[in-house]
Every structure is written in structure tokens, then in C-alpha cells.
Amino acid sequence: MFQVDLLLLDLVIVLVAARLLGAVARRLGQPPVVGEIVAGILLGPTLLGPLVGDRLFGPGMLPPLQALADVGLVLFMFVVGLELDQKLVRGKGRIAVVIALGSTLLPFVLGCALALGIAGDHVDGPRTLPFVLFMGAAMAATAFPVLARVITDRGMQRVTVGGLSLASAAVIDVLAWTALAVVVGLASADGGEGQWKVALALPYGLVMFLVVRPLLARLVPAWQRAGRLTPGLLSVVLIGLLASSWATEWMHVHFIFGAFVFGAVMPREGAERLNHEILERLEQLAVLLLLPMFFVVAGLNVDLRSLDLSSLGTLAAILVVAIGGKLVGSYVAARTQLPGRQALAIATLLNTRGLTEIVILSVGLQKGVLDNELYSLMVVMALLTTAMTGPVLRRIYPERRVARDIAQAEREALGVSAAHRVLVVVPGSPAEQVPLAELAAVLARSAPPAKVILAHLRPYPGGRLELGGGLSSELAELAETLHDLEALAEVVRAHGHEARVVSRFSASVGAELAELAVGASPDLVVLPEGVAGYAEIRDGVTCPVVTVTSAAPLASRGPVAVRQADEAAVRVALTLALAGGRPLVVEGGGRTSALVRRLGGLGVEVGGGPVPEDALTVAGESARDTAGHLLVRAERDADPVDWPALVSALREPVPPVEAPAEAPERAARS
């Protein structure tokens with residue numbers, strides 16, 4: 001006899017456990033779905049065992065709980081289809097498709113190969129083909145909703161990595177659901193009637209997009225006339241949603257596809273507010289009650305106590321194929337279009353499985369493609385791949401890197417020049433700093449077009465400036481300084497770069513220089529050692545910092561040498577060498593020798609060995625105590641140097657630019 005009181009108690013337990021563990025997961029930086037699935041596992045036979053678990057969630061209770069979970073899944077898949085933003089791939093279509101194919105094909109092939117190896121232990125002969133294809137599809141999946149949440153929580157939707165990840169995941173979603181539909185159709189076609197019904201899937205899709213979609217477009221003027229989402233309009237949507245889900249289930253293609261397709265054919269143009277109101281109504285019910293029910297029920301079907309040592313071996317193989325296939329396939333595809341760090345970040349994001357994977361696994365369990373043991377192992381894989389995304393992404397693409405990319409994107413959106421910005425801190429008398437300006441102008445050649453900012457702050461004269469005779473002499477001195485700075489700017493412009501002068505009185509030169517350096521968001525800072533605010537500037541910026549420890553050899557014609565080289569120091573030395581037609585000497589062996597050979601293969605006059613006495617010496621950050629004329633602090637979270645591109649850029653002639661018409665900044669504080 002069905003026990004209503006026990007069902008209500010189960011609902012209370014499920015919702016409390018889902019909310020508590022979902023909140024714990026959120027506090028740990030994980031998506032709530034991880035906590036909800038763990039809640040189901042803890043409530044199931046893994047922890048409670050048959051004594052308690054069977055009394056609370058026994059065979060008599062699972063069907064009604066599963067029915068409620070299925071209704072939640074229908075609403076969720078409708079929301080996924082409705083929120084599928086087709087604009088994501090506009091302008092990114094080719095790159096997104098390339099990345100999506102790499103992220104899908106390799107794990108799919110590896111998943112099929114793994115399935116062939118373990119099929120004998122988990123399926124009988126006639127179901128081998130659906131099982132193999134299903135495992136391939138499950139390995140290739142990416143959780144678009146969880147991915148979107150991870151990206152938006154970090155503000156990455158405004159930068160290239162986030163936008164391409166979302167666009168690629170949208171394409172992967174289409175590929176994964178298409179493959180799953182084929183697998184379910186094969187698994188369900190057990191007789192003539194089943195095969196005949198599956199064949200109706202194509203006409204069903206045509207009817208939905210060619211007939212139902214135009215009919216649903218009539219909801220927009222009806223909503224506009226009513227001024228709100230009326231119960232009648234919402235009823236039409238729900239009736240259509242449930243009818244579409246029933247149709248695909250009747251055709252043995254699973255109800256999730258009917259729900260997803262109905263969401264995809266909902267009107268888009270002029271229907272933003274209507275869709276927003278629909279989502280508000282349905283998400284309250286689906287997200288708060290029914291969807292957590294689905295994930296908890298998915299966890300109830302996991303029994304980790306029944307696993308043995310052979311199961312652990314299978315789990316290890318699943319993790320290697322799932323994580324390795326996804327990361328390698330995504331990275332290799334993305335690397336053809338993007339730098340290494342961005343490609344690795346995209347690969348990490350696309351390894352997220354979460355919601356989508358659990359839905360796919362539940363379908364496999366319901367259709368008999370997966371047994372309980374393999375289902376449990378695949379759920380563990382889904383949890384681990386989802387949980388690892390956040391920590392790994394924070395290491396690969398830290399918050400400060402995201403902030404830098406967002407700032408760059410905002411500058412471009414505002415039409416601000418995207419030129420490579422070199423900030424030069426000019427000390428003392430600007431008339432004596434021509435070598436410093438020459439150095440900055442040469443280093444700016446590594447990333448054209450470039451803009452060099454010459455910053456010179458001077459302290460207020462002794463005491464407060466008063467109107468009178470003293471004021472005119474100080475202003476005359478400032479005017480002379482501005483004239484000398486403009487002469488330095490002309491030196492920079494002679495190299496083909498834009499130049500800007502910043503000069504003013506300051507009550508605290510060091511503190512204001514540090515603020516100026518951070519606020520200018522430079523791509524490179526050049527400054528003499530010991531200048532006011534040196535430590536604050538160096539610690540405050542994330543870009544490379546070139547410290548001039550001795551200006552004497554800057555104008556010499558000897559070779560350029562690198563001591564204890566890292567990539568940042570070699571980049572600076574290579575720029576100086578190629579710009580001045582000077583040979584490059586790299587001190588050291590091992591990796592240094594390999595770099596020498598690589599640069600030599602690019603046509604650079606380079607060699608190893610001891611540093612010549614007349615050389616301009618560049619040292620990396622690790623060689624601070626080593627004698628050197630320039631000390632290079634590398635960019636934080638820097639991408640690897642693309643040596644062929646750098647050499648090519650340095651060999652390109654820099655076109656001259658006209659001096660800007662506006663006067664330099666003049667600010668005198670009194």
C-alpha cells in the first residue's frame with residue numbers, strides 16, 4: 001500500500017539534505033549540484049545501507065520520487081533549450097566549431113574504445129553497440145549550465161576565454177544531445193513497432209521548427225496585449241512542453257529531447273521579456289524543488305559499497321579517458337587558434353560535466369544501457385570532473401589575469417587605444433635621460449603599435465607655494481622640465497611610436513608614481529633603480545618591469561648578453577639585439593642551449609658562452625645579485641613567449657607616427 005506520509009517525509013529529507021549540502025558546496029567554491037548529488041549518495045545505500053535506506057527510500061518510494069524528478073527534468077531541459085543563446089557563436093563560429101569538434105571527437109573515440117574493452121563485464125551481445133556509443137557520448141559531454149555559472153561567477157563572459165568556452169559548449173551541447181538521441185533510439189528499437197516509432201523523430205523535428213515555431217511566435221503579441229504573463233499564456237506553454245515531451249517518449253527517443261526542442265523553438269525576437277517571465281515562474285518550482293529532487297534521486301541509485309578492486313581499476317580507466325580525452329582534445333583544438341594559457345583554460349572549462357552528464361547517465365540507466373555498477377562509477381567521474389574545474393582554473397587563469405583581460409576588453413569596448421603601453425619613470429633632470437627614452441622606444445618595438453608614457457613628478461618646493469615672486473620661478477622651472485620631456489617624447493616618436501608626457505608637482509612623489517603606474521595599466525614599465533616609489537611601483541603592477549641598474553652601456557654598440565636567463569630577460573635582450581643589429585649572447589646550458597638553437601633556427605645571430613666585457617647585460621629576476629645593466633621582472637601569470645612571432649615583429653619596420661596635436665599634460669599644484 002502506498003504511504004503518503006512516508007513520501008512527504010522523504011520529500012522533507014531530500015530537500016533539507018539538498019539545500020544543506022548545496023550550500024556547503026557553494027561555500028567550498030563548487031556548484032550546488034555537486035552537493036545535491038552527494039546528498040543523494042549519502043541518503044542512499046552507500047551510507048545508510050539497507051537497514052535505514054530501504055525503510056526511507058525503498059522500492060515502494062522510488063517510483064513516485066522518480067516521477068517528481070522526471071517532471072523537474074522536463075522543466076530543466078526546457079529552460080536549457082530556452083536559454084540556448086544562438087548569438088554566442090556569432091563572430092566566433094569557426095573557432096567555436098573547431099574547439100567543439102576537438103573537445104568532442106577525441107573523448108568520444110576514447111570512450112568507445114574503453115567501452116569495447118569493458119563491454120563483456122557489463123552488457124550482453126545485442127546491446128553492445130548502444131553501450132559503446134553511449135559511453136562515447138557520455139565521455140564527450142560538457143555541462144553548459146554549470147560552465148556558464150562558473151564563467152559568470154568569475155566575470156569571464158566578457159573576455160575571450162569565457163566567450164569562446166560558452167560558444168564551444170553550446171556547439172558541444174548540440175553534438176552531445178544528437179549523439180544521445182541516436183543511442184537511445186538504437187537502445188529502444190527492440191522490435192518493429194519501436195523501429196517504426198524512432199523513424200518519426202525526423203518528421204517530428206521538422207514539424208517543431210517549421211510549424212510549431214511560427215505558431216509559438218503568436219504568443220508575443222498576445223503577451224504584449226495583456227501586458228503580463230497570464231495564466232492562459234503560461235498554460236499554453238506548459239501544455240506544449242508536456243505534449244512535446246510525451247511525443248518523444250512515445251517515439252522511444254526519451255522525453256528530455258522533447259523538452260529541450262520545445263525550449264529551442266520558443267520565440268526569440270521581441271520575446272526577451274516574455275521568456276524572462278516564463279523562466280521566473282518555472283525556475284522557482286524547478287530549481288527549488290523538482291531539480292534538486294532529480295539529482296538526489298540520481299545519487300540514490302549510486303551504491304559505492306558494492307564496488308571492489310576491479311571496479312576501482314575501471315574507475316581509474318574512466319577518469320583517464322574522461323579527463324585526458326577532454327583536456328587533450330580541447331587544448332589541441334584551441335591551441336591552433338589561441339595562446340597556450342588561454343587554450344588550457346578553455347580545455348579546463350570544457351572538462352566540466354555536472355548537470356548534463358548526470359542527465360545523460362540517468363537516461364542510460366533508465367534505458368538499460370548502463371548497469372548499476374557502471375552508473376555509480378560514471379557518477380563519481382561526473383562529480384570529480386565538475387569539482388576539479390574551479391581549483392584548476394584558478395591556478396591556470398588566476399583572478400588577476402581575469403581582471404587584466406576584463407580591463408583590456410573594457411578599454412576596447414570604449415574605443416580606447418589598444419596600443420602596447422610602455423610607462424617610463426623619468427627621474428631627476430629629463431634632459432639627461434635620453435638613453436632611458438631610447439631604451440623604452442626600442443623595447444616598445446616588440447609589440448607594435450605602441451604608446452610610450454613619460455612620467456616625471458617633482459616635489460613641491462620647500463614650503464607651500466604662495467602667490468608672489470617665488471611662484472614665477474618655480475613655474476618657469478616646470479615649463480623648462482616640460483620642454484625637456486617633450487624632447488624625450490620626440491626621441492620616442494622618431495622610433496615610430498606614439499608618446500605622451502605626464503609632469504606635475506607632487507606632495508609625495510613615490511606614492512603618486514605608484515598610483516600612476518597602477519592606474520595606467522601598462523604592458524611594460526621601465527624605470528631606474530632607486531627612483532622614488534620603486535618598490536611600490538614594482539610590486540603594484542603585474543606587467544614586466546625593466547629596472548635600469550646602470551645606464552652607461554645603453555648607447556654602446558657591443559653585443560647584448562643575458563645572464564641566468566628566463567624567458568622575460570631573453571625577450572628584452574632579443575629586442576635590443578635585433579633592433580640595434582647586435583649579436584646576442586646567452587649564458588648558461590641545458591634549456592638555455594635549446595633556446596639558443598631555436599633562436600638560431602629563426603635567423604637570429606645568437607651564441608652561448610661567457611659574457612663579453614663590452615656587452616649590454618640583461619639579467620632575470622632570479623639573478624638580482626648578478627652584475628647586469630638591466631634587471632627584468634617577468635609578467636605575473638605570463639603566457640609563454642611565441643619566439644617566431646616576436647622575431648617577425650621585431651624585423652618589421654615600424655611606420656612613423658605624427659606627434660599628437662594636443663599639448664602635454666601640465667598640472668601644477670599649489
(Q) Can you name every one of the helices (runs of 4 or more DSSP H) wholly within region 215-273 that holds 3 or more residues which are open to solvent by 40 Å² or more (accessible area, probe 1.4 Å)? (A) 219-226, 231-250
Q: Look through region 619-633, keep the residues that are surrounded by fewer than 19 Cβ atoms within 10 Å (Cβ to Cβ) and in contact with an Asp or Glu (Cβ under 9 Å, 6 or more places away or on another chain), and return whichever of them is modelled with the lowest pLDDT.
A: Ser622
Q.
Show the residue pairs meeting these rules: Cβ distance below 6 Å; 6+ apart or different chains; first residue within region 276-290 and over 18 Å from Val33 (Cβ atoms); second residue open to solvent by less than 20 Å² (accessible area, probe 1.4 Å) and not in a helix (DSSP H, G or I).
A. Glu277/Leu229
(Q) Just the residues that are in contact with a Leu (Cβ under 8 Å, 6 or more places away or on another chain), surrounded by fewer than 16 Cβ atoms within 10 Å (Cβ to Cβ) and within 23 Å of Leu344 (Cβ to Cβ), please, taken from region 311-330. (A) Leu319, Gly324
Q | Per-region count, region 511-535, residues open to solvent by 40 Å² or more (accessible area, probe 1.4 Å) and not aliphatic (A, V, I, L, M) | A | 6
Q.
Could you go through region 353-365 and let me know if any residue there is of a type in the set (A, V, I, L, M, F, W, C), more than 24 Å from Gly40 (Cβ to Cβ) and surrounded by fewer than 23 Cβ atoms within 10 Å (Cβ to Cβ).
A. no
Q: Take region 496-510 and flag every residue that is outside any strand (DSSP E or B) and either of a type in the set (Val, Ile, Thr) or open to solvent by 50 Å² or more (accessible area, probe 1.4 Å) (or both).
A: Ala507, Ser508, Val509
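Inside region 433-453, can you point out the residues that are of a type outside the set (Gly, Ala, Ser) and either over 31 Å from the mean Cα position of the chain (by Cα) or open to solvent by 30 Å² or more (accessible area, probe 1.4 Å) (or both)?
Gln433, Val434, Pro435, Leu436, Glu438, Leu439, Val442, Arg445, Pro448, Pro449, Lys451, Ile453
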Q | Qualifying positions in region 300-309 - touching a residue at least 12 places away in the same chain (Cβ under 8 Å), open to solvent by 40 Å² or more (accessible area, probe 1.4 Å) and in a helix (DSSP H, G or I) | A | Leu304, Arg305, Ser306
Q.
With closer than 25 Å to Val604 by Cα, among the polar types (S, T, N, Q) and under 33 Å from the mean Cα position of the chain (by Cα) as the only criterion, which of Thr542, Thr575 stands out?
A. Thr575
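Return yes when Ser235 is small (Gly, Ala, Ser) and out of contact with any helix residue (DSSP H, G or I) (no Cβ under 7 Å at 6 or more places or on another chain) and no when it is not.
So Ser235 passes the test.
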Q | Single condition Phe294 does not satisfy, out of (1) at pLDDT below 80; (2) over 30 Å from Lys197 (Cα atoms) | A | (2)
**Q.** region 249-284, subset out of contact with any helix residue (DSSP H, G or I) (no Cβ under 7 Å at 6 or more places or on another chain) and more than 19 Å from Phe209 (Cβ to Cβ), residue modelled with the lowest pLDDT
**A.** Gln284
Q | All helices (runs of 4 or more DSSP H) inside region 1-117 with 2 or more residues being modelled with pLDDT of 80 or more | A | 4-27, 32-43, 62-83
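Val379 - would you say it is open to solvent by less than 10 Å² (accessible area, probe 1.4 Å), modelled with pLDDT under 85, in a helix (DSSP H, G or I) and closer than 30 Å to Ala179 by Cβ? I'd like the intermediate steps shown before the answer.
Details: open to solvent by less than 10 Å² (accessible area, probe 1.4 Å): yes; modelled with pLDDT under 85: no; in a helix (DSSP H, G or I): yes; closer than 30 Å to Ala179 by Cβ: yes.
Answer is no for this residue.
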Q) In the set Ile406, Ile358, which member is modelled with pLDDT under 85, farther than 20 Å from Ala96 by Cβ and either acidic (Asp, Glu) or under 19 Å from the mean Cα position of the chain (by Cα) (or both)? A) Ile406
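Here is a yes/no grid of residues against (1) of a type outside the set (Val, Ile, Thr); (2) open to solvent by less than 50 Å² (accessible area, probe 1.4 Å); (3) touching a residue at least 60 places away in the same chain (Cβ under 8 Å):
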| residue | (1), (2), (3) |
| --- | --- |
| Gly581 | yes, no, no |
| Val586 | no, yes, no |
| Thr592 | no, yes, no |
| Arg598 | yes, no, no |
| Gly601 | yes, no, no |
| Val604 | no, yes, no |
| Gly607 | yes, yes, no |
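The values are calculated or read from the model by the stated rules, or taken from the named source; none is laboratory data. Every value quoted in this text rests on a predicted model; they were computed, and no experiment measured them. Positions of Cβ are backbone-derived with ideal geometry, glycine not excepted, and every protein chain shown enters the neighbour counts. Keep in mind that these areas ignore ligands, DNA and RNA; they rest on the heavy atoms of the full protein, side chains included. Shrake-Rupley method; radii C 1.70, N 1.55, O 1.52, S 1.80 Å.
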